[in-house]
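To keep things clear, I will list the structure first and then write my remarks on it.
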Ligand SMILES: Nc1ncnc2c1ncn2[C@@H]1O[C@H](COP(=O)(O)OP(=O)(O)OP(=O)(O)O)[C@@H](O)[C@H]1O
Ligand code: SF4
Ligand SMILES: [Mg+2]
């Protein structure tokens, strides 16, 4: 039983996709607890399963996905809810800050009206109240001249401004749990910094899973970081500990591959999710691999309340 401080308890989650080539095990036996008002960053190489994990929580995967496990939110298993029950939760309790403003914003509707619609839908305000609340949301998202901006169409706004609109829209239903998938993708360095600060400020009283390739962004916005590799979590630890003293060889390699840390890529390439390597999934690329690593699958070992690691040599 999860403690009352836990907002989301992901238990033995699997999300597999049948394909012509075989079963793609995009998420495989993932366990993760996210506390009330805790922000967790989810990092890992492209294709390791981050978005599939986020989409599993908000139940937006294609019907062909084979999902197993439990995702407990406020004593309810999200995976057991009907689509109608889920529709009532989406946006209002659990929301997603969508990744791509270019495809997620309606080009023929004023941005203020798009946010007001979310507010009306989830908070039951009338049209005028929702419109004025939308302007307040734009103001909270640090958008200058919010009343004027509310009357503009997406194409009239810069990339950074559109990302702020996406954040305001994601939070318009006042959700308790937010999933942000690559919120800084494609932004220049200065805008990226501003957006990270905005996300941090606007999620102070909420729980968040922030999916990103950008470890530094995760370090700035999040309390803990979970590292994913080939569908599994390999390490979870407080953000500062991961940045300054990572335990897992993959996390160490991921950090060394950052431009700010010397740009030394990890040798080899991401494994197949249809037939992942036996034993430790990272063993073909691990500089510390031993014989046991090829034969046996390392369990996730707890290193205390907030940290755990999946490696025979890290405990
Ligand atoms: N509907 C689907 N059918 C089959 N395979 C899928 C489907 N959706 C995702 N996958 C596969 O699942 C794996 C994980 O995909 P996912 O989008 O979660 O990666 P990611 O970690 O978010 O990558 P990126 O950092 O590039 O966004 C990939 O191999 C992807 O091809
Ligand atoms: S279990 Fe072995 S192969 Fe896997 S990360 Fe640890 S040392 Fe490397
Ligand atoms: Mg993704």
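Which one of these does residue 107 not meet: (1) over 15 Å from residue 155 (Cβ atoms); (2) assigned by TED's automatic domain parsing to the domain that holds residue 156; (3) loosely packed, with under 13 Cβ neighbours inside 10 Å?
(1)
Here's a check for you: in segment 35-66, which residue that is in contact with a helix residue (DSSP H, G or I) (Cβ under 6 Å, 6 or more places away or on another chain) and under 18 Å from residue 79 (Cα atoms) is modelled with the lowest pLDDT?
Here the answer is 61.
From 247, 260, 269, grab the single residue that is in contact with a helix residue (DSSP H, G or I) (Cβ under 9 Å, 6 or more places away or on another chain), more than 28 Å from residue 20 (Cβ to Cβ) and part of a loop (DSSP other than H, G, I, E, B). First the steps, then the outcome.
Numbers: 260 fails: part of a loop (DSSP other than H, G, I, E, B); 269 fails: more than 28 Å from residue 20 (Cβ to Cβ).
From the options 247, 260, 269, the qualifying one is 247.
In segment 145-197, how many are over 19 Å from residue 123 (Cβ atoms), within 16 Å of the chain's Cα centre (by Cα) and surrounded by fewer than 22 Cβ atoms within 10 Å (Cβ to Cβ)?
Of the residues in that region, 3 qualify.
Every residue in segment 28-46 that is buried (at least 16 other Cβ atoms within 10 Å of the Cβ) and either within 13 Å of ligand 1 (Cβ to nearest atom) or within 24 Å of residue 185 (Cα to Cα) (or both), please.
The answer is 28, 30, 34, 38, 39, 40, 41, 42, 43, 44, 45.
Sort through 64, 3, 12 and tell me the only one that's more than 14 Å from residue 233 (Cα to Cα), surrounded by fewer than 19 Cβ atoms within 10 Å (Cβ to Cβ) and touching a residue at least 12 places away in the same chain (Cβ under 8 Å). Break it down into steps so the answer makes sense when it comes.
Working: 3 fails: touching a residue at least 12 places away in the same chain (Cβ under 8 Å); 12 fails: more than 14 Å from residue 233 (Cα to Cα).
Result: 64 is the single residue among 64, 3, 12 that is more than 14 Å from residue 233 (Cα to Cα), surrounded by fewer than 19 Cβ atoms within 10 Å (Cβ to Cβ) and touching a residue at least 12 places away in the same chain (Cβ under 8 Å).
What do you reckon, is residue 112 surrounded by 16 or more Cβ atoms within 10 Å (Cβ to Cβ), at pLDDT 95 or above and more than 16 Å from ligand 3 (Cβ to nearest atom)?
On the way: surrounded by 16 or more Cβ atoms within 10 Å (Cβ to Cβ): yes; at pLDDT 95 or above: yes; more than 16 Å from ligand 3 (Cβ to nearest atom): yes.
It is true that residue 112 is surrounded by 16 or more Cβ atoms within 10 Å (Cβ to Cβ), at pLDDT 95 or above and more than 16 Å from ligand 3 (Cβ to nearest atom).
Can you tell me which condition residue 100 does not meet? The list is (1) within 16 Å of ligand 1 (Cβ to nearest atom); (2) closer than 30 Å to residue 201 by Cα; (3) surrounded by fewer than 20 Cβ atoms within 10 Å (Cβ to Cβ); (4) at pLDDT 95 or above, and all the others hold.
It is condition (4) that residue 100 fails.
The values are calculated or read from the model by the stated rules, or taken from the named source; none is laboratory data. Because the structure is predicted, anything quoted here is derived from the model rather than measured. Don't worry about glycine lacking a Cβ; one is built from the backbone with ideal geometry, like all the others, and counts go over all protein chains shown.
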